[in-house]
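Any read-out appearing in this document is the output of simple, stated calculations on the displayed coordinates, not a laboratory observation. For clarity, every value in this text was computed on a predicted model and none was experimentally measured. No Cβ is skipped: glycine too gets one built from the backbone with ideal geometry, and neighbour counts run over all protein chains shown.
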């Protein structure tokens, strides 16, 4: 994996040097530097780099030729990271123990890892959700969320952060939340083997309680739960707009 990624980065880096002589591309340049500096040991940042590249692609100041180049970088990042970044979650803690960054796909380890994080860092103030693409264990995730809330810890997502599904649930937990208006916050209806189509459940079904109770505890409108249940699917997710964030109480 590392050899393949290193070869890719070298090729992209060389291409970027030649390209930068002709075009001023600060966002892309920053992304390439990030990829070069971090990818070997912290390749999990690649999906966030992809968001930098997407921003550049959507920037009107770049020409069609420039955008073609940017698109090729996006495809390279996707090919490199698509099957690799969905691994167990982990926290990266600042040297002074007040700030932690969360990466990875939430699973049954999230509560224990969050508990250890808080116990080992009594001055922890903020958790930033950097790249959290989903969850395979909502019950443990909600336990972690309640622990964060009860510990008075804030949550944060920056412009190029990406969270979905259970990652969004964890962002809700903040005792105060800082949300960049251009961050990627995705939601979709839950499902399980027992309830593959929960939207068909009666409104008074106890199966809804896990989510309704959590939303209530986090101060998020239950209307968001009901809307996602009826209008989204695991393969058909919704990107929360700034208006959504305000409307539903984030």
Note on segment 90-247, DSSP bridge orientation, antiparallel percent to nearest 5 equals 30
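Grab the Cα-Cα distance for residue 109 and residue 68, subtract it from 0.36 nm times how many residues apart they are, and report the gain in nm with one decimal. Each step should come with its number before you reach the end.
Numbers: separation 41, 0.36 × 41 = 14.76 nm, distance 4.08 nm.
Extra length from residue 109 to residue 68 when fully extended: 10.7 nm.
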Nearest 0.05, what FRET efficiency do residue 210 and residue 88 give at R0 = 22 Å with Cβ-Cβ as r? 0.50
Simple spin-label model, 7 Å along Cα-to-Cβ: residue 125 to residue 146 in nm? 2.8
Spin-label pair residue 195/residue 60, simplified geometry with 7 Å Cα→Cβ offset, distance in nm: 4.5
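For 203, 63, 136, what's the fewest-to-most ordering of other Cβ within 10 Å of each Cβ? Please report the intermediate quantities before stating the final value.
On the way: 203 7, 63 10, 136 15.
Least crowded to most crowded, the residues run 203, 63, 136.
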Listing 180, 160, 188 from the residue with the fewest other Cβ atoms within 10 Å to the one with the most, what is the order? 180, 188, 160
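Can you sort 193, 178, 128 so the residue with the fewest Cβ neighbours within 10 Å comes first? List each step's numbers first, then the result.
Details: 193 5, 178 14, 128 20.
The fewest-first ordering by Cβ neighbours comes to 193, 178, 128.
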Once label points are set 7 Å from the Cα along Cα→Cβ at both residue 75 and residue 159, what is their separation, rounded to one decimal in nm? 2.7
